[in-house]
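Below is one structure, written out as structure tokens, with a few remarks after it.
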Amino acid sequence: MLILMCVPAIAFFLVFNYAPLPGIWIAFTDFNYRDGIFGSPFVGFKNFEFLVKSGMLWDLTRNTILYNVAFIVLGNVLQIAIAIMFNEVRLKFFKKITQGVMFLPYFISVVLIGVIAFNLLNYDSGALNTLIKQTGGDPIKIYSMAGLWPLIIIIVHLWQSTGYGSIVYFAAIMGIDKGLFEAAEIDGASAWQRIRYVILPSLKPTFIILFLFSLGGIMSGNFGLFWNLVGNNAALFSTTDIIETSVYRMVMSQNNFTTSTAVGLYQSLFGFAIVMTANWLVRRMNKDYALF
């Protein structure tokens, strides 16, 4: 019965993750529709060579990794902090209200978030520039300021995901042995001391596991968020272009299947190497915390 329950998940991965694997061959060919995937001329690593020489691969890798590092580090810190604050709230009614408010952004569509951001930040009629003009200032061309957008994207991502992500940490706190809190209270520990010496050490295994899971997607960006916030704005590509958005443009605008497949293969292999390395390091420190 348990195996039967797993059949839908197994079928999903077979169809969407394993069946398309032969398409990787496109990355090593000069693909054309007439000859098909396996009939197109073989060009070896020329597609990868073009990416390296053009500098595109480095820029995309840098942006994707830096954004994900910021998401992982700041996200986990905020999630732990919010989970601890939820645990310290004693009024059940207030706790439920605040949890609902914190979880709500996660269920807002990224399309709607992009619309909200545009209506706040656009040059002509955005709420921010309207306020600036009414106070006698000069409007700001935010959609031309590439250096400002990493901060905007990180803030929006944290706003949307932190509340929902704190659920796991809050559940881990609920699972801590109550005897530890009682012992700390008998010893006269303050609220901060309980957090520092009881809660935070108990959250360490959960943090490491979630961190390793996050590393698995460190080469994958939140395409929906980036595309709906930035769109096809070339003025912002230097600081906002990630692997997913670049591949999407290559396929949809240029019909460039070879380069986009090469980038996708590089992304998968690099991400796999990062996960294996991180898991090996964790296993060397404490094998109980490793994923496998």
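Specify the residue with the greatest mean-square fluctuation among Ser166, Ser109, Ser220, computed from a Gaussian network of the chain linking alpha-carbon atoms under 10 Å apart.
Most flexible of the set in this elastic network: Ser109.
For Phe38, what accessible area in Å² do you get when you roll a 1.4 Å probe over the heavy atoms of the protein chains, rounding to the nearest 10?
Rounded to the nearest 10, that gives 140 Å².
For the chain, with a Gaussian network of springs between Cα atoms less than 10 Å apart, report the residue from Ala27, Ala235, Ala19 with the top mean-square fluctuation.
Highest fluctuation of the listed residues: Ala19.
With the chain treated as a Gaussian network of Cα nodes joined by springs under 10 Å, which of Phe45, Phe16, Phe118 yields the largest mean-square fluctuation?
Its mean-square fluctuation being the largest, the pick is Phe16.
Working with all protein chains in place, sort Asp59, Asp288, Asp30 by solvent-accessible area computed with a 1.4 Å probe, largest first.
Asp288, Asp30, Asp59
Residues with beta-carbon under 13 Å from that of Asn129, excluding Asn129: net charge, scoring Lys, Arg +1 and Asp, Glu -1?
Value of the local net charge: 0.
Considering only the other residues whose Cβ falls under 13 Å of the Cβ of Ala290, what net charge follows from Lys and Arg at +1 and Asp and Glu at -1?
+2
At what distance in nm do the modelled label points of Ile176 and Lys204 sit from each other, each positioned 7 Å from its Cα along Cα→Cβ?
Here the modelled spin labels are 1.3 nm apart.
Tell me, what is the FRET efficiency for Phe213 and Cys6 to the nearest 0.05, using R0 = 22 angstrom and their Cβ-Cβ distance as r?
0.70
I need the calculated FRET efficiency for the pair Arg196 and Phe42, taking r as the beta carbon distance and R₀ as 35 Å, to the nearest 0.05.
Rounded to the nearest 0.05, the efficiency is 0.05.
Whole percent per 5 Å bin, from 0 to the bin with the longest distance: what is P(r) over all C-alpha pairs of the stretch 182-229?
Per 5 Å bin, starting at 0, the Cα pair percentages come out as 5, 17, 14, 12, 12, 10, 10, 9, 6, 4, 1.
Ignoring everything but the protein chains, give the 1.4 Å probe accessible area of Thr277 in square angstrom, nearest 10.
70 Å²
What shape does the chain take by its C-alpha gyration tensor, where a ≥ b ≥ c are the square roots of the eigenvalues and a/c under 1.5 counts as rounded, a/b above b/c as prolate, and the rest as oblate?
Verdict is oblate for the chain.
May I ask you to give the solvent-accessible area per residue for the stretch 203-268, in square angstrom, as obtained with a 1.4 angstrom probe? Spell out each step's value before the answer.
Values: 2630 Å² over 66 residues.
Heavy-atom SASA per residue in the stretch 203-268 reads 40 Å².
At Ser125 and Tyr248, where each label point lies 7 Å from the Cα along Cα→Cβ, what is the point-to-point distance in nanometres?
Between Ser125 and Tyr248, the simple spin-label model gives 2.5 nm.
Heavy atoms only, probe 1.4 angstrom, no DNA, RNA or ligands counted: give me Tyr169, Tyr106, Tyr289, Tyr18 ranked by accessible area, highest first.
Reading off the accessible areas and sorting them downward yields Tyr18, Tyr106, Tyr289, Tyr169.
Could you rank Glu182, Glu244 by how accessible they are, 1.4 Å probe, largest area first?
Most to least solvent-accessible, the answer reads Glu182, Glu244.
Roughly how much of Val230 is accessible, in Å² to the nearest 10, using a 1.4 Å probe?
Near enough 20 Å² of accessible area.
Need the full-extension length gain, Ala183 to Ala19, defined as separation in residues times 0.36 nm minus the C-alpha distance. One decimal, nm.
Result: 53.5 nm gained on full extension.
What's the carbon and sulfur percent of the stretch 206-292's accessible surface, probe 1.4 angstrom, rounded to a whole number?
On the way: 2690 of 4310 Å².
Here carbon and sulfur together make up 62 percent of the probe-accessible area.
What nm value, rounded to one decimal, do you get for the distance between Val115 and Leu281 when each label is placed 7 Å out toward the C-beta?
4.3 nm
If R₀ is 30 angstrom, what is the calculated FRET efficiency for the pair Met56 and Leu148, using the beta carbon separation as r and rounding to 0.05?
Calculated value: 0.85.
The values are calculated or read from the model by the stated rules, or taken from the named source; none is laboratory data. These numbers were taken from a predicted model, which means no experiment stands behind them. Glycine also receives a Cβ, built like all others from the backbone with ideal geometry; neighbour counts cover every protein chain displayed. All accessible areas refer to the heavy atoms of the entire protein, side chains included, with ligands and DNA or RNA removed. Shrake-Rupley method; radii C 1.70, N 1.55, O 1.52, S 1.80 Å.
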